[in-house]
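Have a look at the structure below, then the notes.
The values are calculated or read from the model by the stated rules, or taken from the named source; none is laboratory data. From a predicted model like this one, the values you see are computed outputs, not experimental measurements. Positions of Cβ are backbone-derived with ideal geometry, glycine not excepted, and every protein chain shown enters the neighbour counts. Calculation scope for accessible area: heavy atoms of the full protein, side chains included, ligands and nucleic acids excluded. Shrake-Rupley method; radii C 1.70, N 1.55, O 1.52, S 1.80 Å.
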Amino acid sequence: MADITLAESLTELPAATWDAIAAPEQADGRPIDPFTTHRFLMALEASGSTGGKTGWLPKPLILSDAGRPAALMPLWLKTHSQGEYIFDHGWAEAYERAGGRYYPKLQAAVPFTPVSGRRFLGPDPYREALAEAAISITAGNQISSLHVTFCTPEEALALAGFQGLIPRKSQQFHWFNRGYATFDDFLADLSSRKRKMIRKEREAARAHGLSILALSGDQILPEHWSAFWAFYQDTGARKWGRPYLTRAAFTAFHDTMRDDMLLVLAFDGATAVAGALNFIGRDALFGRYWGALAEYPALHFELCYYQAIDYAIAQGLQRVEAGAQGEHKLARGYLPQETWSLHWITDPGFRRAVADFTSRESLALEEEIEILTQYGPFRRGGEAD
C-alpha cells in the first residue's frame, strides 16, 4: 500500500535515493535534464535561493510503496508567483478581487527554470497517485490552487481532466539540430536574408575584440563565478527587481554541477566582461542566464544563441532551449514550441472560469505558433539560395 509524505526539505532523502527515482537514466550517462536531480534542487535549498523568506518553501512529496520511496514530486508552497515563467498573476488578482485568498498555493516545478521536464518522478503507474495526493493536500489545507508547471507533454495529456486538472499551453523557442556538421550547414538551411543577418551579427560581436571561451567541467574556475555573479546581478536586478539566486548558489553549482554546465565567457584581455550560462542535458543544451558589464552590440546573440548552437552541433545534441519568451529568437533559427502546465483550482466556480480561459488561450496560441512557423527563418521549397 502506498504512503504519502510531505517532507520539509530535500535533505530528508539521500541523494542516491532521490536520483534513482528522479533521473534513473543518469546511471549510464547524463540525465535527460539536470534540473530535477538532487544536486540541482539541493544547491538551491542549501544556498538559500529557496526556503526561508524566499516564497519558495520546499515540500517534496514522497510516495512510498512497501516501505520504500517509489515516486516523487518537486513540490513547493508558494507565497507569490515570481520565478515561475507560466504566469498566473491575472488569476491571482481576479480571485482576490472576488474575496478569495490566492496565496499560498502549491507548485510542482523547478524554481526559476522555464525548462520542460518530468514533474511526476518515478514509474508511470504512480503518476495518478502523485496527482491525487497533491490535489488532496491542496483541498485539505485551504490552499487556493495547485500548479504543475513545465511538465512534459506526456504528463499533461495523461492527466488532463484527472480530478479536474486543467491543461494549459504556453510557448517557447527552441533550436533543432537537423544533422548539421557545422554552423555553416545550419546557415545554409536559412533564407538568404536571415543568413546574412546572422553573419553580420557574428561579425559585429567579433569586432569588439573580445576573446570568447566556452568552459565546462574543471575548465570552470571559482574566479569565473565571481565574474559571472556580477553579470547575473545586473541582469536579475533589471528583469526581476532582485536576483533569484544567491551568490552561494553558484558556489554550490561549482562544487556539485560543473560537469552539467557550459559557461561561455567573453574577455577583454584578462577581464571577463560578459557571459552566458547553460546547463547540459542528455540531448539538449539549456540556456539560462546572461549578463554583461557594458553594452556590446550583438554580443548577447553571440554568447547566448550562436555559441550554444556551435556547442550543440559539436556535441551532437538534438536541440537548444534558450529560455522563456522572445520572438526575436525566431529570426535566429529558434522555432516556436508548445510547453505545458496543469492546474487545479479548489473553488469550483473559479476552476470553471480558468478552464474556459485556458481553452480560448490555447486556440489563440495554436494559431500563433502556426503563423510563426510558416513565416520562420528557414528556406521554403524551391527558394533560391
Backbone N under 11 Å from the T17 label point (7 Å along Cα→Cβ), restricted to region 41-62: 62
Rh by Kirkwood over Cα pairs, then Stokes-Einstein D for the chain at 0.890 mPa s and 25 °C, µm²/s: 111
Peptides 336-346, 209-219 ordered by average Cβ neighbours within 10 Å, highest first: 336-346, 209-219
Relative contact order of the chain, defined on C-alpha pairs under 8 angstrom at six or more residues apart (%): 21
Tensor-based shape of region 184-332 (alpha-carbon gyration tensor, a/c under 1.5 rounded, otherwise prolate or oblate): prolate
Accessible area per residue, Å², the chain with all protein chains present, probe 1.4 Å: 43
Solvent-accessible area, 1.4 Å probe, carbon plus sulfur percent, for the chain: 52
In degrees, nearest ten, helix 222-240 long axis to first principal axis of the chain (Cα): 70
Förster radius 25 Å - calculated FRET efficiency between Q325 and D218 (Cβ-Cβ, nearest 0.05): 0.15
Among 100-110, 315-325, the order from most to least packed when residues are scored by Cβ within 10 Å on average: 100-110, 315-325
Lys pairs under 21 Å by Cα in the chain, provided they are eight or more residues apart or on distinct chains: 13
Where a label projected 7 Å from the Cα of N141 along Cα→Cβ would reach, residues of region 61-84 with amide N under 12 Å: 61-62, 75-79
Charge dipole of the chain about the Cα centre (unit charges at C-beta), most positive-ward option of Y334, L215, L10: Y334
Rounded accessible area of H38 (nearest 10 Å², 1.4 Å probe): 20
Acute angle (nearest 10 degrees) that the helix 192-206 long axis makes with the longest principal axis of the chain, alpha-carbon atoms: 80
Using alpha carbons only: equivalent-ellipsoid semi-axes of region 312-356, gyration tensor based, whole Å: 36, 13, 7
Range of Cα positions in region 41-166 per principal axis (Å), largest first: 44, 37, 27
Relative contact order of region 253-372, defined on C-alpha pairs under 8 angstrom at six or more residues apart (%): 17
K78 accessible area, assembled protein chains, probe 1.4 Å, Å²: 0
The chain, helix-only ellipticity at 222 nm - DSSP H runs n ≥ 4, -39,500 (n - 2.57), divided by all residues, nearest 500: -11000 deg cm²/dmol
Label zone at F357 (point 7 Å along Cα-to-Cβ), backbone N below 14 Å, region 164-187: 166-169
